[in-house]
Amino acid sequence: MMEQSSKHILVIRLSAMGDVAMTIPVINAMIRSYPNVKITIVSRAFLKPIFHNIPNVSFVTADVKGKHKGIFGLYKLYKELKTLQIDVVADLHNVLRSKILGFFFKLGGYKVCKIDKGRAEKKALTQNRNFKQLKTTHERYADVFNKLGYNVTLTKEDVLPQLQLTKKVGVFIGEDQKKWIGIAPFAAFAGKTYPATQMEAVISKLSKTNQYKIILFGGPAEKKQLASWQNNYEHVINCAGVFSFEEELILIANLDIMLSMDSGNAHLAAMYGKKVVTIWGITHPYAGFYPFGQPPENALLADKEQYPLLPTSIYGNKYPEGYENVMQTITPQAVFDKIVEVIDE
């Protein structure tokens, strides 16, 4: 095993938001177990706030569409990173860009270990040849550090502390004592997005209780839909386009619960140790992307008896004919009941 003397580890994870958020428990476990280790994250600029306030962790921006574009740009990034006196490299991405960057470090004599994404196992899962829980992404990340010589054991405590509310966020939310429910109703693909009519029914049911403040999360493309729900239901507020990403993280860190698809917001909430209820369509927690530290029963799954080929996709972008409506097997009442059950635990 590597000595616990001061070492500097470069961690490469260039995207996406949820996958980057899933590094947090592993980074926290590393810092807890090896307090003399220094870690530098290289990723997209907008993801930098995820790593704020973690001891011994710094951040370098990979401008892959600008000065670090292409092979020559990645070589430039390598030269910049090399000046930081890196000792070893953990590639948590294992895509073409990270492989090229890792190749430069290998040529420079550095030890580089990369994630095994388990592609064959995942393919077997989606082809119904191997319906069982696969190694989680968190475990796969930890394996990379283990290969570098660090013994990483994750615990439920390896989450970020709750962030203090800023005045801007506090004014936006208001001063009533209702519990805060975050709802992130969208995902990158239709195959893992709960139908809008059913999500509206969930929001309506939550609103009618008069017990909760419902905070809607989304991007610019979803702003119109979210604004409509805010206008039509009491105690519902839309934060899309209102805050910077850093301010949204403060809001997420202060939620009582997050309702999310199999998407990035689930992982952002989980990295703060928040309660998370997730809705799954053609994807499945068995693929290893379940949010950190959440009980399995907090996942609401499409009906596999009615749709026996589930899961049909790892990322939600592929489904066979006739599987377009799998999420309709998860009723709004079931979602409402699960939220109420978990928030009151």
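The values are calculated or read from the model by the stated rules, or taken from the named source; none is laboratory data. Note that this is a predicted model, so its numbers are computed, not measured. FYI the Cβ positions are ideal-geometry reconstructions off the backbone, even for glycines, and counts take in every protein chain you see. The area values use the complete protein model at the heavy-atom level, side chains included, leaving out ligands, DNA and RNA. Shrake-Rupley method; radii C 1.70, N 1.55, O 1.52, S 1.80 Å.
Numerical summary
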| item | result |
| --- | --- |
| Share of carbon and sulfur in the accessible heavy-atom surface of region 96-239 [1.4 Å probe, %] | 52 |
| Residues of type aspartates and glutamates that residue 111 reaches as a straight line, Cα spacing below 17 Å, ignoring anything fewer than 8 places off in the same chain | 3, 87, 91, 143 |
| Check: region 266-327 dipole with +1 on Lys, Arg Cβ and -1 on Asp, Glu Cβ, in debye | 300 |
| Ranking by accessible area, most exposed first, for 139, 200, 305 with a 1.4 Å probe | 305, 139, 200 |
| Surface accessible to a 1.4 Å probe, residue 123 within the full protein complex, Å² | 120 |
| Ranking by accessible area, most exposed first, for 129, 13 with a 1.4 Å probe | 129, 13 |
| Charge dipole (region 20-130, unit charges on Cβ, about Cα centre) - positive-most of 77, 128, 115 | 128 |
| Solvent exposure of the chain as accessible area per residue, Å², 1.4 Å probe | 45 |
| Placed amide H near residue 111: partners under 5 Å, 5+ positions off or other chain | 89 |
| Magnitude of the charge dipole, region 164-224, Cβ model with Lys/Arg +1 and Asp/Glu -1, debye to 20 | 60 |
| Whole-Hz ³J(HN,Hα) from phi, Karplus 6.51 cos²θ - 1.76 cosθ + 1.60, for region 248-258, glycine and proline x | 4, 5, 4, 5, 4, 5, 10, 5, 8, 7, 10 |
| J(HN,Hα) series, region 110-118, from Karplus relation 6.51 cos²θ - 1.76 cosθ + 1.60, nearest Hz, glycine and proline x | 8, 7, 10, 10, 10, 5, 8, 7, x |
| Sequence ranges 236-244, 187-195, ranked by mean other-Cβ count within 10 angstrom, highest first | 187-195, 236-244 |
| Dipole magnitude (debye, nearest 20) for the chain, charges at Cβ of Lys, Arg, Asp, Glu | 1500 |
| Isotropic mean projected area of the C-alpha convex hull, the chain (nm²) | 18.0 |
| Amide H contacts of residue 64 (H built 1.01 Å from N, under 5 Å, at least 5 apart or other chain) | none |
